[in-house]
Amino acid sequence: MRVLVTGASGMLGRGAALALKARGDDVTVLQRRPAGLGCAEVLGDVADATAVRRAAAGQDAVVHLAAKVDVVGPWAQYA
């Protein structure tokens with residue numbers, strides 16, 4: 001199965017990406033910086049719709065574990 005994982009630089013996302021890879025899935029991670037997990041990587045931000053569409057193209061499933069961890073900027077961004 002082709003699976004996109006977001007948030008692979010965090011504890012949950014990294015664990016999910018590695019577990020999926022270990023069971024034989026074709027894993028792609030969407031990252032702002034290279035993750036070094038041995039998975040295909042698409043560099044970008046989950047807040048960028050174009051990057052998300054590019055990363056999700058051709059995937060069978062998405063495991064979305066990315067999150068904004070700091071509240072910075074207008075509150076409207078979080079609604």
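Data table
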| read-out | value |
| --- | --- |
| Top-ranked residue of region 20-37 - restricted to ones that are touching a strand residue (DSSP E or B) at 6+ places or on another chain (Cβ under 9 Å) and assigned to a loop (DSSP other than H, G, I, E, B), ranked as nearest to SER9 (Cα to Cα) | ALA35 |
| Close pairs (8 angstrom Cβ cut-off, 6 or more residues apart or separate chains): modelled with pLDDT of 95 or more in region 24-35, hydroxyl-bearing (Ser, Thr, Tyr) and surrounded by 14 or more Cβ atoms within 10 Å (Cβ to Cβ) anywhere | VAL29/THR6; LEU30/THR6 |
| Meets criteria (among the hydrophobic types (A, V, I, L, M, F, W, C), at pLDDT below 95 and surrounded by fewer than 16 Cβ atoms within 10 Å (Cβ to Cβ)) for VAL69 | yes |
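The values are calculated or read from the model by the stated rules, or taken from the named source; none is laboratory data. Since the model is a prediction, treat every value here as computed from it, not as a measurement. Positions of Cβ are generated from backbone atoms using ideal geometry, with glycine treated the same way; all protein chains shown enter the neighbour counts.
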